[in-house]
1. Could you say whether any residue in the range 254-269 is touching a Ser or Thr at 6+ places or on another chain (Cβ under 8 Å) and farther than 28 Å from VAL90 by Cβ?
2. Which residue is nearest to LEU184 (Cα to Cα), if the candidates are limited to the range 58-105 and must be surrounded by fewer than 19 Cβ atoms within 10 Å (Cβ to Cβ), of a type in the set (Val, Ile, Thr) and at pLDDT 90 or above?
3. From the set of residues in the range 206-233 that are more than 21 Å from GLN102 (Cβ to Cβ) and among the aliphatic types (A, V, I, L, M), which is farthest from the chain's Cα centre (by Cα)?
4. State all residues of the range 136-155 that are surrounded by 19 or more Cβ atoms within 10 Å (Cβ to Cβ) and either modelled with pLDDT under 95 or over 29 Å from ARG203 (Cα atoms) (or both); if no residue qualifies, say none.
5. Any residue in the range 111-123 that is surrounded by 17 or more Cβ atoms within 10 Å (Cβ to Cβ) sitting within a Cβ distance under 6 Å of a residue that is among the basic types (Lys, Arg)? List the pairs, counting only those 6 or more apart or interchain.
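The values are calculated or read from the model by the stated rules, or taken from the named source; none is laboratory data. Quick caveat: nothing in here was measured; it's all calculated off a predicted structure. We place every Cβ from the backbone using ideal geometry, glycine too, and count neighbours over all the protein chains shown.
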Amino acid sequence: MSSTLPHPNGTLPHTARRAAGRSADRPPSGGGLPGAIASEWTKLWSVRSVWWCLLSSVLLMAATAGQLAIYVANGNTDDEPANDRGVLAVGRIAVDAVELTQFAVIALALLVITSEYSSGTIRTTLQWIPSRARLLLAKSAVVAAVTFGTGLLLGGLGAAVAAPVLGEWGRFELGETVGYALGLAGYLALIGLFTLGLGAALRSAVGTLVTVFLLLAIVPATLRLPDLGPLNAIADALPGSAGLHFLRGESDPYPAAAGLLIVAGWAVAALLAGLAVLRRRDA
């Protein structure tokens, strides 16, 4: 034990100084980005509203997919399914149903940031994670993981509900159905990140929800009403239109993959705006 005692001049022995230096160089256990992600993950699942959002998304997908499948089946009058263009992939029903279902998932992403501002717990969060970039990155990782997983679940659920309702008017191919589910999951993950970034920038649940709703649904539909080329081009560049363009595999006015890139661009821009506000303004 005498080797760890300070020398009479008040300095530590060489071995103790070396050990102390190594301890100072190492980040504390459980800290850094992994610790921040673990903290955000735990906080997310401790909020009861998150579970309600997930349940709502499941119920909305089941109800909407079933209703759309009924419309398709009732709209077909040809006894030969092969002769009718109404024969649809069951995964496509899930894609069409996401126009409504996505808002339950958006509400979930919204809670990750705006609930902390409304309750004042953002001050405690920033005390534990003072780096704004690390905090937003941790929240982004959690939101992306949860919304991507939710998208996979909803894609499978929508196809499962649609298949028996469509009957002979439905087409089930495993690879095609999985592709639709993966596309749906990717789209919802990007929209979740877009919502998170807006929430960090606006700091208001109502303001963020209204903005997202306008950009995904109202503004694109309004710009298409006059059927003017420039206005339609603006509508096609908005995240809601681009996302559906990607999910449906359309090639006009741009390739489907470009639609995904447009949504990703909106998500990155929103996150950068949220980070700028986090760094500039106090909690």
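1. No, the range 254-269 contains no residue that is touching a Ser or Thr at 6+ places or on another chain (Cβ under 8 Å) and farther than 28 Å from VAL90 by Cβ.
2. Going through the qualifying residues, I end up with VAL58.
3. Out of the qualifying residues, it is LEU228.
4. The one that is surrounded by 19 or more Cβ atoms within 10 Å (Cβ to Cβ) and either modelled with pLDDT under 95 or over 29 Å from ARG203 (Cα atoms) (or both): GLY155.
5. Every condition considered, the pairs that remain are VAL112/LYS139; TYR117/ARG203.
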